[in-house]
Amino acid sequence: MSLPGVPKEGLKTVGQIVGTNELLFQAGDNGLAIATKLVSSHITGAPVVDSKGHFIGFISEIDVLVAIECGKDVRKLRAEDIMNKSAIAVDESTTISEAIRMMAELSILNLPVEKDGKVAYSVTRHDFLRARIGVGPDIEE
């Protein structure tokens with residue numbers, strides 16, 4: 001028996017998951033605008049992309065908080081000043097099991113997903129849990 005919206009063989013890759021985090025920041029985005037967007041969207045972080053949509057880093061709430069705690073004025077910072085440059089992204093063909101393992105080992109909440117070399121969206125632990133128990137994003141409605 002398969003669940004509605006889930007293939008009979010189950011979901012296998014990250015690209016099969018309907019991600020709920022489509023937030024992306026551009027390299028030149030203002031730090032205060034980034035912080036405001038994170039707070040207003042209730043999203044813990046998002047990938048930073050260059051003008052061609054290529055992944056260059058990730059900004060989480062903690063990255064913004066660390067900048068503020070270091071005495072930096074976020075109104076004067078840009079995304080590239082705040083972002084974590086060592087952040088990782090996965091390709092849409094990455095298995096769900098591998099992505100979950102990566103998130104657990106690295107203690108990350110969001111994982112950018114690249115399609116055709118560009119970040120399309122991020123998947124969250126919430127998205128993986130939905131995929132594993134077979135419910136769609138509309139469960140909250």
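The values are calculated or read from the model by the stated rules, or taken from the named source; none is laboratory data. Note that the structure is a prediction, hence the values are computed from the model and not measured. Backbone-built Cβ (ideal geometry, glycine too); neighbour counts: all protein chains shown. The protein model used for the area step is the full one, side chains on, heavy atoms only, and it has no ligands, DNA or RNA in it. Shrake-Rupley method; radii C 1.70, N 1.55, O 1.52, S 1.80 Å.
Descriptive notes on the structure:
- Summed over qualifying helices (DSSP H, 4 residues or more, each -39500 (n - 2.57)) and divided by its residue number, the chain shows a 222 nm mean residue ellipticity of -8500 deg cm²/dmol.
- Backbone N within the stretch 47-70 under 16 Å of label point (7 Å from ASP91 Cα along the Cβ vector): 55
- In nm, spacing of pseudo-spin labels at ALA27 and GLU69 (7 Å Cα→C-beta vector): 2.9 nm
- Taking a straight line from the alpha carbon of LYS115, these lysines sit under 19 Å away, with near neighbours fewer than eight places off in the same chain left out: LYS12, LYS52.
- Rounded to the nearest 10 degrees, the angle from helix 31-41 to the longest Cα principal axis of the chain is 30 degrees.
- Fraction of accessible area attributable to carbon and sulfur, the stretch 10-141 (%, probe 1.4 Å): 55 percent
- Interchain or long-range residues, amide H under 5 Å from ILE59's placed H: ALA46, VAL48, ASN84
- Modelled spin labels at THR36 and ARG132, positioned 7 Å past Cα toward Cβ, are 3.8 nm from each other.
- Rounded to 10°, Cα long-axis angle of helix 96-106 versus longest principal axis of the chain: 40 degrees
- Full-stretch length increase - ASN84, GLU105 - with 0.36 nm per residue and alpha-carbon distance subtracted: 5.9 nm
- With all protein chains kept in place, the per residue accessible area of the chain amounts to 58 square angstrom at a probe of 1.4 angstrom.
- Here the Gaussian network model covers the chain, with springs between Cα atoms less than 10 Å apart; of ILE68, ILE82, ILE59, ILE68 fluctuates the most.
- The chain: C-alpha gyration tensor shape, a/c 1.5 cut-off, then a/b vs b/c: prolate
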